[in-house]
Amino acid sequence: MILKINDLSVRLGGSHILQGVAFDVAETGVTALLGRNGVGKTTTLRAVLGEVPATGEVLFDGRPALGRATHRLVRDGLGYVPEDRCVFAGLTVAENLRLAVRVPSPDFDLVFDLFPELRQRAGQRAGTLSGGQQQMVAIARVLLNPNRLLLVDEPTKGLAPAVVTAVAAVLERVATRVPILLVEQNLAVVRRLATDAVVLEAGRTAWRGRAADLLSDADATRSLLGVGTTAGRH
Ligand SMILES: Nc1ncnc2c1ncn2[C@@H]1O[C@H](COP(=O)(O)OP(=O)(O)OP(=O)(O)O)[C@@H](O)[C@H]1O
């Protein structure tokens, strides 16, 4: 297991947001982190990254992660693609990529192989890119450096269907190289990418197992995610 989470608890602004989350992320493939709005998916990623105070146990690559500085976890290969993408709007695509480089030999070959469009748009200001193109920049930045695990938060949110498909195709290729913990509301994307699934409910782990088992269980998807399984088939 590349990530083991046990009894993870987070209190923010007087609320007990996470109340004993527990799950593992396998060394390969995509683990989907699911649940209705506000159940604590993003907070779980931020707790793993050391961005919010948390108690419990998080083992990243066999070593305790809680209490370690975020930049040390990132240096040790914990890549994060946040939900809001955080590209520098006033800088060009090339400048956004260059700023992300942390190692002597960044993997520009991989990035331009996955995202040929970014080479063509190297001189364009990132703020003028479409949402999908900005998402590509956000993913590309992380891939320039070596990673042991990627945390990717709602990468397809707000994107047009064709762009959702393009982002899913990229993540599918990335997942052959590095495991991904993926927060994703689009069940068609989950169905395509995820090997394992974890569902949070009210700050706790309500379900964990094979993604295909969850998605083929109409009662479970309805009660845990609030959707019928047919919603995930299109
Ligand atoms: N800094 C904070 N202070 C107080 N409450 C917070 C803070 N950050 C998040 N919360 C609350 O914690 C709960 C979980 O938020 P979180 O963003 O983790 O949920 P989520 O499952 O990712 O939701 P969504 O699917 O809507 O993005 C929400 O009720 C949110 O309002």
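The values are calculated or read from the model by the stated rules, or taken from the named source; none is laboratory data. It should be emphasised that the depicted structure is a prediction, and the values quoted were computed from it without experimental measurement. With ideal geometry, Cβ positions are generated from the backbone for all residues, glycine too; neighbour counts draw on all protein chains shown.
Tell me whether the stretch 59-66 contains one or more residues that are surrounded by fewer than 17 Cβ atoms within 10 Å (Cβ to Cβ), out of contact with any Pro (no Cβ under 8 Å at 6 or more places or on another chain), at positive phi and not in a helix (DSSP H, G or I). Yes, that holds for at least one residue.
Scan the stretch 62-89 for residues that are over 17 Å from Thr44 (Cα atoms) and without any contact (Cβ under 8 Å) to a residue 24 or more places away in the chain and the total you get is 4. As for the stretch 47-55, it holds at least one residue that is in contact (Cβ under 8 Å) with a residue 60 or more places away in the chain and within 16 Å of the ligand (Cβ to nearest atom).
Taking the stretch 69-125 as the range and being crowded, with 17+ Cβ neighbours inside 10 Å and at positive phi as the test, only Arg85 passes.
This table checks each residue for (1) modelled with pLDDT of 95 or more; (2) touching a Gly at 6+ places or on another chain (Cβ under 8 Å).
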{"residue": "Arg148", "(1), (2)": "yes, yes"}
{"residue": "Pro161", "(1), (2)": "no, no"}
{"residue": "Glu184", "(1), (2)": "yes, no"}
{"residue": "Asp196", "(1), (2)": "yes, yes"}
{"residue": "Arg210", "(1), (2)": "yes, no"}
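Quick one: is Val10 touching a residue at least 12 places away in the same chain (Cβ under 8 Å), over 29 Å from Arg192 (Cβ atoms) and either more than 16 Å from the ligand (Cβ to nearest atom) or touching a Ser or Thr at 6+ places or on another chain (Cβ under 7 Å) (or both)? Against the criterion (touching a residue at least 12 places away in the same chain (Cβ under 8 Å), over 29 Å from Arg192 (Cβ atoms) and either more than 16 Å from the ligand (Cβ to nearest atom) or touching a Ser or Thr at 6+ places or on another chain (Cβ under 7 Å) (or both)), Val10 qualifies.
Restricting attention to the stretch 13-35, and to residues there that are near the ligand (Cβ under 7 Å from one of its atoms) and at pLDDT 95 or above, which single residue is nearest to Ala65 (Cα to Cα)?
Taking the stretch 13-35 first, the residues near the ligand (Cβ under 7 Å from one of its atoms) are 13, 15, 17, 35.
After this cut, where a residue has to be at pLDDT 95 or above as well, the list is 17, 35.
Values: Ile17: 19, Gly35: 24 Å.
So, considering only residues that are near the ligand (Cβ under 7 Å from one of its atoms) and at pLDDT 95 or above, the one nearest to Ala65 (Cα to Cα) is Ile17.
How do the strands (runs of 3 or more DSSP E) wholly within the stretch 130-234 filter down when requiring 2 or more residues that are more than 16 Å from the ligand (Cβ to nearest atom) and surrounded by fewer than 18 Cβ atoms within 10 Å (Cβ to Cβ): which remain? Can you show your working first?
Working: elements: 149-153, 180-183, 194-201, 204-210.
Here the list reads 204-210.
Need the failing condition index for Gly40 against (1) away from the ligand (no atom under 12 Å from the Cβ); (2) on the phi > 0 side of the Ramachandran plot, just the number. So the condition that Gly40 fails would be (1). Close Cβ contacts (under 9 Å, 6 or more residues apart or on different chains) running from residues in the stretch 154-170 that are touching a residue at least 60 places away in the same chain (Cβ under 8 Å) to residues that are among the hydroxyl-bearing types (Ser, Thr, Tyr) comprise Glu154/Thr42.
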